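> Encoded as structure tokens, here's the structure I'll be asking about.
None of the figures in this text is laboratory data; all of them are computed from the coordinates on show. Since this is a predicted model, take the numbers as computed values, not measurements. Cβ sites come from the backbone with ideal geometry, for glycine too, and all protein chains shown count toward neighbours.
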Amino acid sequence: MKKIWLYLGIGVVVLLLVLVSAGYFLVIKPKDLGVRYTQEDVNSVNKKLGIEYNTIEAYKTPSESIKISGTKNVSTKINQREITALLAEHSKNWEYSPLANTQVRINSDNTIEVSGKLNSGKLKGYAEATDLPEQYKKAIEENADKLPVSPSIYIKTELSVKDGKVSEDVKEVKIGPVSLDAQWFDDNQGFVSELLEDRMKQAGINADSLSFENGEMELDGTIPESISFG
């Protein structure tokens, strides 16, 4: 009988720990990378890229909420404040952007850090709108509802692109308080690279060369002429 109560007690403690840990996802704020942008940074990055932005007033499905048109050559350097500003503007203007409060920092060793909030309620709409490959779309459909509503995320990685091919070396990934195994990313670099290449393609970006050096992202390639958000 004592053993039964002991097992029940352990079970209750474990359950409480699980519930408390789940709560951490909701209360942990994104890591502050110290990157702040101003309207000047928004204006600067828009001038460098020269993309025309429009608003879609009415749409019925996620796939109708974004339209990427045209192709134009680009050769430019964008600093971390401008990258953060660009992501913030996209998040603000597109209903199905799954990221919010995003900051990007480019370090002296050329690693990049990204932090923010992941809105799991928008993942299904994002997957449909951006034509995510079927295997990933299915995984989102099966698991998005199980995720906390807006967990914080943090990524530290090395990243470069040459002739459209992504090279990455993931150092650290955290969702809420949980650190993901960096070794998994090492063992599945092909999977991660293919996903990133697909995301760039869907965004209308074709990078002959993309690198992060000296606090800036340097991009040579083609980007869209216009993007419309709803």
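> So for each of 200-213, 172-185, 49-62 I average, over its residues, the number of other beta carbons within 10 Å; can you give me the resulting order with the highest mean first?
200-213, 172-185, 49-62
> Okay, moving on. Add +1 for every Lys or Arg and -1 for every Asp or Glu among the other residues with Cβ under 13 Å from the Cβ of GLU64, and state the total. Walk me through the numbers on the way to the answer.
Details: positive: LYS60, LYS67; negative: GLU57, GLU95, GLU128, ASP131.
So the environment of GLU64 carries a net charge of -2.
> Right, next: Compute, for the stretch 28-229, the length of the dipole vector about the Cα centre, with Cβ point charges of +1 (Lys, Arg) and -1 (Asp, Glu) only. Units Debye, rounded to 20. It would help to have the intermediate numbers written out before the result.
On the way: 25 positive and 34 negative charges, 135 e Å.
So the magnitude is around 640 debye.
> Please work out which option in (1) 18.6; (2) 18.2; (3) 19.4 gives Kirkwood radius over Cα pairs in Å calculated from these coordinates, and answer with its label.
(3)
> Mind checking the angle between helix 80-93 and the chain's longest principal axis? C-alpha axes, 0 to 90 degrees, to the nearest 10.
Helix 80-93 and the main axis of the chain meet at about 80 degrees.
> Continuing with the same structure: Find, among the GluC sites (Glu not before Pro) in the stretch 104-149, those assigned to loop by DSSP (not H, G, I, E, B) with at most 15 other beta-carbon atoms within 10 angstrom. Walk me through the numbers on the way to the answer.
Working: sites: GLU113, GLU128, GLU134, GLU141, GLU142; in loops: none.
Answer by residue number: there is no such site.
> Do the sum for the chain: with -39,500 (n - 2.57) for every DSSP H run of n ≥ 4, divided by all residues, what is the mean residue ellipticity at 222 nm, to the nearest 500 deg cm²/dmol?
Values: 7 runs with 88 residues, N = 230.
Calculated at 222 nm, the ellipticity per residue is -12000 deg cm²/dmol.
> Using only Cα atoms, find the angle between the long axis of helix 134-143 and the longest principal axis of the chain, and express it within 0 to 90 degrees, rounded to the nearest 10.
Taking Cα atoms only, the helix is inclined about 40 degrees.
> Quick check on my link table: of LYS29/LYS122; LYS124/LYS201; LYS67/LYS171; LYS124/LYS174; LYS117/LYS146, which ones sit more than 28 Å apart, alpha carbon to alpha carbon? Provide the component values of the computation, followed by the final result.
On the way: LYS29/LYS122 19 Å; LYS124/LYS201 19 Å; LYS67/LYS171 34 Å; LYS124/LYS174 21 Å; LYS117/LYS146 16 Å.
Violating the 28 Å Cα-Cα cut-off are LYS67/LYS171.
> Below 8 Å, C-alpha to C-alpha, sequence gap of six or more: please give me the relative contact order for the chain in percent. Provide the component values of the computation, followed by the final result.
Working: 439 pairs, mean separation 65.8, N = 230.
This gives 29 percent for the chain.
> Next up: Relative to the longest principal Cα axis of the chain, at what angle does helix 39-49 sit, 0 to 90 degrees, rounded to 10?
The angle comes out near 60 degrees.
> With 10 angstrom as the radius, rank GLU95, GLU40 by how many other C-beta atoms surround their C-beta, starting from the fewest. Can you show the working numbers first?
Working: GLU95 15, GLU40 11.
Going from least to most buried by this count: GLU40, GLU95.
> In the neighborhood of THR76, defined by Cβ-to-Cβ distances under 11 Å, what is the net charge if each Lys or Arg adds +1 and each Asp or Glu adds -1? Mind dumping the intermediate values first?
Details: positive: LYS47, LYS48, LYS77; negative: GLU82, GLU216, GLU218, ASP220.
With Lys, Arg at +1 and Asp, Glu at -1, the net is -1.
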